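Student: I am attaching a structure below and will ask some questions about it afterwards.
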Amino acid sequence: MLTNVTINGKTIAVPAGSTILAACQQADIKVPTLCHHPDQQVKAACRVCMVEVEGHRILQPACSYPVHPGMVIHTATPAVREARRTILELMLASHPADCLQCPRNLKCELQQLASEMNVRETPFPKALRELREDQSTVSIKRTPAKCVNCRRCVHACLTTQGIGLLYTAARGRSTVVQTAADAPLSETPCVLCGQCLQACPVGAITEVDDTDKVWDALADLTKHVVVQVAPAIRVALGEEFGGESGSIVTGKLVAALRLLGFDRVFDTDFTADLTILEEGHELLERVTHGGTLPMITSCSPGWVKFAEHNYPNQLAHLSSCKSPQQMFGTLAKTYYAEKSGLLPSSVFVVSIMPCTAKKYEAARPEMASSGYRDVDVVLTTRELARMLKQAGIDWASITADEFDAPLGISTGAGVIFGATGGVMEAALRTVYEVVSGQELGVVDFMEVRGMTGVKEAAVQMGDLVVRVGVAHGLANARQLMEQVASGSSPYHFIEIMCCPGGCIGGGGQPIPTTHAVREKRIRSIYNADQAMVLRKSHQNPAVAELYEEFLKRPLGHKSHSLLHTEYVPREAR
Amino acid sequence: MSEHAAHRREKIRPFVSQAGGLLKALHALQDASPEHFLAPCDLKLVADVFDVPVAKVWGTATFYSLYSTTPRGRYIIRVCESAPCYVVGAMDILKTLEEKLHIKPGQTTDDGRFTLEVASCLGVCGVAPALMVDMHVHGNLTPDKLVSILDNYV
Amino acid sequence: MKYYRAHVLICSGSNCMIKGCRNIRHTLEQELVHHGLQWEVKVVDTGCLGLCEQGPSLIVYPEGVMYGRLATGDIREIVTEHLLKGRLVHRLMQQPTSPTGEVAPLSLTPFFQKQKRIVLKNCGLIDPERLEDYVQTGGYTALATVLDTMTPERVITELKESGLRGRGGAGFSTGKKWELTRAARGEPKYLICNADEGEPGTFKDRLILEGDPHLIIEGMAIGGYATGATQGLVYIRGEYELSIRRMERAIRQARENGLLGKNILGSTYSFDIEVCAGAGAYVCGEETALIESIEGNRGEPRFKPPYPAEKGLWGKPTSVNNVETLANVPAIMEKGAPWYRSLGTPNSPGTKVFTLTGNVVNSGLIEVPMGITLREVIYEIGGGIPNGRQFKMAQTGGTSGGCLAAVHLDIPMDYDSLQSHGSSLGSGALLVMDDSHCIVDLTRCFLKFFVHESCGQCTPCREGTPALYELVDKISRGEASEVALALINRLSRTLQNSSLCALGQTAPVPVLSALRHFWPEIEAHFGGRCPANKCVMGKAVGKSAN
């Protein structure tokens, strides 16, 4: 049912019950917002979106107020502009003015609002809250003094991720979003997924910046610096240079990395293919020998940490396979070093990840199977973009290049790891052929793709019907895990990705990463897969060579000591 | 689980099904604390029993004036500073207490006896200026009455 | 059945409790025993009589003589002179006697003469801890009549016609609120009594709950019937220990006697009430913040729409009503809308309970018809300004109300008249201030309240109330000039038109009314001078400052 409203003199028909903001968006009239987030429930707390409604004594918040038939709205009257200006001035008075030092400089919503509203100074005395920074983890840094109380991170952690360790505390001017007792993140069950960071409009939550370590390594002539790139980077990095959301920039990405000075530019998709070989055989092993089922994927470190905190008694369900990132690091300092005649101690592994939790994963004590720290530094997509800009690399003009062999060879099954359902689909493509002995005609498993929170499929493979479940976002993961914990899970194999949309929606990706952006990146991931000649992991020639020359066979002795890992039960609260 | 912990859990469990139960649980745990405050273990217990994140319990506990998340004295003095008490001398009362107890609002005496706090209207304006010591209201205050009032609290 | 030849009713509202009425009672009982009168004289604890300034006090019946400003030493005299010998103790009396020795009825004393006690009918007359007392004065008759002879729709119509408006401060039509709740879809429905009385200067709800808890139960039960609510809740602020206890006790009594619970009074209607306590937050008096608090959350108001009538407690249709509002309901049902409309003014029918505080002789609790003037309340009922000082200003409606000057003394006290003069009726708090005070100093005190009580959810209030406080503080210290005025006005406008709830929206009211009615005194501060000699001026004074 439609209803007519008039906005700034323009009459349009909008669905009945729309908010004023939705009506304005439909009319292409811009209303500034801050606490509003397209993927979250309405908060109406910041009051930046106030508009004038004829017949109302006071202004109304566009984000929450519903239209009624014949409503007449004005979005830029003197009263409205005065209110917006005053509110912004009040915010600026309680916000630290160190923009030049802030990682969100030029990408900050508060800066944007101030700039759009032409607010350059504040008449109110500075009133900063004295709150300590939290640098207790290797992944995420909290600067609560910058919190604008928009509560977007609260929603991300509580509703999207089902964890809820950030909440509004205190009252009045002291109000701030913090952990219980303002404990450092390292003392909480935070999984370091960075969804809070993605939601934050300012620099109150940022990633730990490790670019200096990479610059140092690149300048160190005694080091052979190799870089691996996650699947999710190639459909997102372009956004940091003004590109369309989800545009595929693989070639430019490789070229840019080479220009930065990496000795080799490899692809995490390679070890993604490898993971499928190891994990696929692990699944079959469990199915045929009565192992713990359902088996659950383990390449998402945010998910793994979540499982360790919240389902410590179900850790046997997790695949013992390391993540592709970690398998890569180990192989770089063993197989690759050996093959290239390099001293393992001289190999320095950098990984570019869409993920803040990967920094934590790389630093886990057990991730040193090579005899050295397997992955030396993890950079998020954003940090890489910063390095490219620092190096003065002109993104628009670089010409595409290709990954190096052997650790840069991959199949379409590897690239789809970046999307929710991708690991599952990649696994099915291989397991199907192993079990049924037949070639898979159509390699696309559509039921496990897309943004639906929990997905499932039943695939006939020879005599076996393999039932699989897929969840992304930890609140959805909980749904499947409750079944597992109560012994009522109907699945053989479950894929869980910590972040909504899978890795393409990770905490390290370009900001913003909204639902709409996630969908675009996912579409590109499957396009990239479709464009490849080889689309099944077991077809990867470099992986075949790796087994022949080095690992011998999946789940063999060498695989176990280098490519598999164990998990640690942790406290719940 | 220790017997003491189990006892505390059983004490607040009935509140789960009551209206305003979470606040009642916080009141009960704070009242049972000799230092009149909610310790981290109290918040964790409430989070557990009510099945809400502990950050949310922290957010709730730090919102309301009657709760404290830091230890306090044996007796909590709350001096009303709202307008009806203000216009009949509340500030003199506060100043006298600060002098006699050698503390400022938010602080506790060295011997742990009193914590001094300022409060908003207590709803006994008929006997302004007024203060509360725990749940006891003292009204019609003058600076010279204060010593004898405090002497009641050992 | 026992017949007593005299009743002694001792006011045991909170204010008198604080003043030691327990000791008075104890001494009285001792003296009665000592003189062998304990079987002839009944001692009753009753609710607030209203003359809090004169407490502790008691009334002796059947003469209806009130003795006030009592100390335990006075009791023996009352017993021996009045109760034994029938001789009045004039020095303790609150009402005059005629030359022929007749005692003027309490109702004709200046304090009580202009009062019309509907809500406070039983306060001072019954023992609030005895259900029998309440029933004896006609209690629960209205509920019985409603359940027996009226449909819920009829109840709502009657209430709408009576014109009863919310007595917590918002002044919304109670009948309309119940009608919306009834029409909304969702079950169960809730009726909540808002007893989170936090507006400074207001203590009426406390004394109503302490003095006549069954009146609220009856009002709630009628409200539940009208709205379709099956569950009632009384949210009482955490500091009101006695109110909580008396309410819980009254609820138990009502349940035991079929007045609450399943099939009330044998009808098909079931309704029960639970008590919950607040934890110290003025903002929880806002209906949606109160609901959040009951749900175990921070007391942060919700944006409206949706309104609680549609989506309230646990997302279900809920009507939140003030204590005093509910206290009016039984009388209206019993006596009808036309009767109620015969009191007060056309736009503000009925009576209002006011609490007089500050620099006034008779501070305390009164109930008067709407439309009575400020002058009548302060001078005739309140007894004027004590200590030889002059009236300077009165703040109506609590700290979120405006300040009125002497020139406004003849304004009628009703919703619309006060609003048009930049103030409000609000909760009925009436703070009287004499000429020893400074308007700037007082305004700063008012603003400090909002700074402390702001919930912190929305930007204008969280950041704006402390900013406004700081601006007024600067004026007080002589460190501001007229330049600050433009900012004060702009900030005030933003608070009023952009805050999420009434706390932020009304925080600027005292400032704006001070600027409107007391400009010369404020202006003097720009020149570094405080006419009342209250403000401590900073070093940089004069127009060159700031």
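Student: Please go through the range A:40-76 and write out the trypsin sites (Lys or Arg not before Pro) that DSSP classes as loop and that have at most 12 other C-beta atoms within 10 Å. Spell out each step's value before the answer.
Tutor: Details: sites: A:43, A:47, A:57; in loops: A:43, A:47, A:57.
The qualifying sites are A:57.
Student: Mind ranking C:97, A:143 by accessible surface for me, highest first, 1.4 Å probe?
Tutor: Working: C:97 50, A:143 15 Å².
Largest accessible area first, the list is C:97, A:143.
Student: For residue A:339, which lysines qualify as cross-link partners when the Cα separation must be under 18 Å and same-chain residues fewer than eight apart are set aside?
Tutor: A:223, A:552, A:558
Student: Can I ask one more? Which value, in Å² and to the nearest 10, is the accessible area of residue C:314 when all protein chains are kept and the probe is 1.4 Å?
Tutor: The accessible area comes out at roughly 150 Å².
Student: Work out the length of the dipole vector of chain A about its Cα centre, built from +1 on the beta-carbon of each Lys and Arg and -1 on the beta-carbon of each Asp and Glu, and round it to the nearest 20 debye.
Tutor: The dipole magnitude comes to about 1800 debye.
Student: According to the square roots a ≥ b ≥ c of the eigenvalues of the Cα gyration tensor, what is the shape class of the range C:469-534, taking rounded for a/c under 1.5, prolate for a/b larger than b/c otherwise, and oblate for the remainder?
Tutor: Values: a/c = 2.41, a/b = 2.04, b/c = 1.18.
Prolate is the answer for the range C:469-534, as a/c is 1.5 or above and a/b outweighs b/c.
Student: Just tell me which aspartates and glutamates come within less than 12 Å, Cα to Cα, of residue C:204; anything on the same chain fewer than 8 places away is out.
Tutor: Partners within reach: C:196, C:212, C:324, C:367.
Student: With all protein chains present, how much of the accessible area of chain A (probe radius 1.4 Å) comes from carbon and sulfur, to the nearest whole percent?
Tutor: Working: 10990 of 21110 Å².
Here it works out to 52 percent.
Student: With respect to the cross-link table entries B:44/C:189; A:126/C:474; C:177/C:316; A:10/C:304; C:176/C:304; C:177/C:304, which display a Cα-Cα separation exceeding 21 Å? List each step's numbers first, then the result.
Tutor: Values: B:44/C:189 32 Å; A:126/C:474 15 Å; C:177/C:316 14 Å; A:10/C:304 26 Å; C:176/C:304 17 Å; C:177/C:304 14 Å.
With Cα atoms farther than 21 Å apart: B:44/C:189; A:10/C:304.
Student: Let's test the formula: R0 of 56 Å, r as the Cβ-Cβ distance of residue A:4 and residue A:446. What FRET efficiency results, to the nearest 0.05? Please report the intermediate quantities before stating the final value.
Tutor: On the way: r = 41 Å, r/R0 = 0.73.
Working from the Cβ atoms, E equals 0.85.
Student: Let me know the charge dipole size of the protein assembly as shown about its Cα centre in debye, to the nearest 20, where only the beta-carbon of Lys, Arg (+1) and Asp, Glu (-1) is charged. Could the numbers behind the result be given before it?
Tutor: Details: 127 positive and 134 negative charges, 404 e Å.
My answer is approximately 1940 debye.
Student: Which shape class, rounded, prolate or oblate, goes with the range A:129-207 when its Cα gyration tensor gives a ≥ b ≥ c as root eigenvalues, a/c under 1.5 marks rounded, and past that a/b bigger than b/c marks prolate? Let's see the in-between values first.
Tutor: Numbers: a/c = 1.37, a/b = 1.19, b/c = 1.16.
It is rounded, given that a/c, with a ≥ b ≥ c, falls under 1.5.
Student: Moving on. Tell me the angle of helix A:250-260 to the major Cα principal axis of chain A, expressed in degrees between 0 and 90 and rounded to the nearest ten.
Tutor: Helix A:250-260 sits at roughly 90 degrees to that axis.
Student: Which links in B:24/B:56; B:95/C:19; A:107/A:520; A:252/A:322; A:252/A:520; B:11/B:104 stretch past 27 Å when you go from one Cα to the other?
Tutor: Working: B:24/B:56 16 Å; B:95/C:19 23 Å; A:107/A:520 21 Å; A:252/A:322 29 Å; A:252/A:520 19 Å; B:11/B:104 35 Å.
Among B:24/B:56; B:95/C:19; A:107/A:520; A:252/A:322; A:252/A:520; B:11/B:104, the Cα-Cα distance tops 27 Å for A:252/A:322; B:11/B:104.
Student: With every protein chain kept in the model, how would you rank A:567, B:153 by accessible area, 1.4 Å probe, largest at the top? Each step should come with its number before you reach the end.
Tutor: Details: A:567 45, B:153 25 Å².
Order by accessible area, largest first: A:567, B:153.
Student: How much accessible surface does residue A:108 have with a 1.4 Å probe, in Å² rounded to 10?
Tutor: Using a 1.4 Å probe on the heavy atoms, I get roughly 20 Å².
Student: For the range A:364-373, in order, what is each residue's ³J(HN,Hα) by Karplus, 6.51 cos²θ - 1.76 cosθ + 1.60 with θ = phi - 60°, in whole Hz (x at glycine and Pro)?
Tutor: 4, x, 6, 7, 8, 5, 6, x, 10, 5
Student: Now for a separate question. Residue A:358: which aspartates and glutamates have alpha carbons under 12 Å from its alpha carbon, excluding same-chain residues fewer than 8 sequence positions away?
Tutor: Once the sequence-local aspartates and glutamates are set aside, what remains near residue A:358 is A:207, A:376.
Student: Hey, quick one: spin label on residue A:558, modelled 7 Å out along Cα-Cβ, who in the range A:393-432 has an amide N within reach, i.e. under 14 Å?
Tutor: none
Student: What is the gain in length, in nm to one decimal, between residue C:63 and residue C:84 on full extension, counting 0.36 nm per residue of separation less the C-alpha to C-alpha distance? Walk me through the intermediate numbers first.
Tutor: Values: separation 21, 0.36 × 21 = 7.56 nm, distance 1.38 nm.
Stretched out fully, the residue C:63 to residue C:84 stretch lengthens by 6.2 nm.
Student: Now, a different point. With the full set of protein chains in place, find how many percent of the accessible area of the range C:27-179 is carbon and sulfur; take the probe as 1.4 Å. Present the calculation step by step, with values, prior to reporting the outcome.
Tutor: Values: 3460 of 6680 Å².
Answer for the range C:27-179 is 52 percent, counting heavy atoms of protein chains only.
Student: Hey, another quick one. Normalised by the residues of the range C:6-110, what does the relative contact order come to in percent, with Cα pairs under 8 Å and at least six apart?
Tutor: On the way: 153 pairs, mean separation 30.1, N = 105.
Once normalised by length, the contact order is 29 percent.
Student: Another one. Could you state the accessible area per residue of the range B:1-72 in Å², with a 1.4 Å probe and every protein chain left in place?
Tutor: Numbers: 3150 Å² over 72 residues.
Dividing the accessible area of the range B:1-72 by its residue count gives 44 Å².
Student: To continue, here is another question. Kindly state, to the nearest 0.05, the FRET efficiency for residue A:117 paired with residue C:419, given R0 = 25 Å and r defined as their beta-carbon distance. Intermediate values should be presented prior to the final figure.
Tutor: Numbers: r = 33 Å, r/R0 = 1.32.
Once the sixth-power term is evaluated, E becomes 0.15.
Student: Work out which residues of the range B:46-64 lose at minimum 50 square angstrom of accessible surface when the other protein chains are put back, relative to the chain isolated, with a 1.4 angstrom probe, and list them by number.
Tutor: B:53, B:55, B:56, B:58, B:63, B:64
Student: Further question: Under the classification rounded if a/c is under 1.5, otherwise prolate if a/b is larger than b/c and oblate if not, where does the range C:131-341 fall, given a ≥ b ≥ c as square roots of the Cα gyration tensor eigenvalues?
Tutor: Details: a/c = 1.43, a/b = 1.18, b/c = 1.21.
It is rounded, given that a/c, with a ≥ b ≥ c, falls under 1.5.
Student: OK, next. Using a simple spin-label model with points 7 Å from Cα along the Cα→Cβ vector, what separation in nm is obtained for residue C:108 and residue C:334?
Tutor: 2.6 nm
Student: With a cut-off of 13 Å, note down the residues of the range A:426-459 whose backbone N falls inside the zone around a label point 7 Å from the Cα of residue A:530 toward its beta carbon.
Tutor: A:443-446
Student: Are any of the pairs C:116/C:311; C:114/C:311; A:146/A:389 more than 30 Å apart by Cα-Cα distance, and if so, which?
Tutor: Details: C:116/C:311 37 Å; C:114/C:311 42 Å; A:146/A:389 25 Å.
Exceeds cut-off: C:116/C:311; C:114/C:311.
Student: Protein chains only, probe 1.4 Å: how do A:532, C:150, C:247 rank by accessible area, largest first? Provide the component values of the computation, followed by the final result.
Tutor: Numbers: A:532 60, C:150 25, C:247 0 Å².
Most to least solvent-accessible, the answer reads A:532, C:150, C:247.
Student: Add +1 for every Lys or Arg and -1 for every Asp or Glu among the other residues with Cβ under 14 Å from the Cβ of residue C:435, and state the total.
Tutor: On the way: positive: C:389, C:392, C:534; negative: C:434, C:441, C:521.
For residues surrounding residue C:435, the net value is 0.
Student: Moving on. Find the relative contact order for chain C and round it to a whole percent, using C-alpha pairs within less than 8 Å whose residues are 6+ positions apart.
Tutor: 13 percent
Student: Given only helices, namely DSSP H runs of n ≥ 4 each adding -39500 (n - 2.57), what is the per-residue ellipticity at 222 nm of chain A, to the nearest 500 deg cm²/dmol?
Tutor: On the way: 19 runs with 180 residues, N = 573.
Helix-only estimate at 222 nm: -9000 deg cm²/dmol.
Student: Under a 5 Å amide H to amide H cut-off, with H placed in plane at 1.01 Å, what residues pair with residue A:298 once short-range neighbours are removed?
Tutor: Amide H neighbours of residue A:298, under 5 Å, 5+ apart: A:319.
Student: Taking the Cα centre as origin and putting +1 on Lys and Arg beta-carbons and -1 on Asp and Glu beta-carbons, what dipole magnitude results for chain C, to the nearest 20 debye? Let's see the in-between values first.
Tutor: Working: 57 positive and 58 negative charges, 106 e Å.
Dipole magnitude for chain C comes out near 500 debye.
Student: As I understand it, the dipole of the protein assembly as shown uses +1 on the Cβ of Lys and Arg and -1 on the Cβ of Asp and Glu, about the Cα centre. Which of A:335, C:26, C:273 lies farthest toward its positive end?
Tutor: C:26
Student: With every protein chain left in place and a probe of 1.4 Å, what is the accessible surface of residue A:116, to the nearest 10 Å²?
Tutor: 100 Å²
Student: From largest to smallest, what semi-axes in whole angstrom does chain A give when each is the square root of 5 times an eigenvalue of its alpha carbon gyration tensor? Write out the running numbers ahead of the final one.
Tutor: Numbers: eigenvalues 370, 146, 103 Å².
With the √(5λ) rule applied to chain A, the semi-axes are 43, 27, 23 Å.
Student: Next up: Please find the FRET efficiency linking residue A:345 to residue B:153, where r is the Cβ-Cβ separation and R0 is fixed at 56 Å, and quote it to the nearest 0.05.
Tutor: Numbers: r = 70 Å, r/R0 = 1.25.
Calculated transfer efficiency: 0.20.
Student: Next question. Along the three principal axes, how long is the protein assembly as shown when you take its alpha carbons, biggest first, rounded to the nearest angstrom?
Tutor: Computed over the protein assembly as shown, the largest-to-smallest principal extents equal 125, 74, 68 Å.
Student: Quick one: accessible area per residue over the range A:1-155, 1.4 Å probe, rounded to a whole number of Å²?
Tutor: Numbers: 7170 Å² over 155 residues.
Accessible area per residue: 46 Å².
Student: Using the Cβ atoms and a cut-off under 15 Å, what net charge is assigned to the surroundings of residue C:76, where Lys and Arg are +1 and Asp and Glu are -1? Mind dumping the intermediate values first?
Tutor: Details: positive: C:25, C:85, C:87, C:91; negative: C:29, C:31, C:74, C:77, C:81.
Computed value for this residue: -1.
Student: Now for a separate question. Give me the one-decimal nm value for the distance between modelled label points at residue B:33 and residue A:133, 7 Å along each residue's Cα-to-Cβ direction.
Tutor: My value for the distance between the label points is 3.1 nm.
The values are calculated or read from the model by the stated rules, or taken from the named source; none is laboratory data. This one's a predicted model, so the numbers in the text were calculated from it and none came from an experiment. Cβ atoms come from the backbone with ideal geometry, glycine included; neighbour counts cover every protein chain shown. When the accessible area is computed, the model is the full protein with side chains, heavy atoms only, and any ligands, DNA or RNA have been set aside. Shrake-Rupley method; radii C 1.70, N 1.55, O 1.52, S 1.80 Å.
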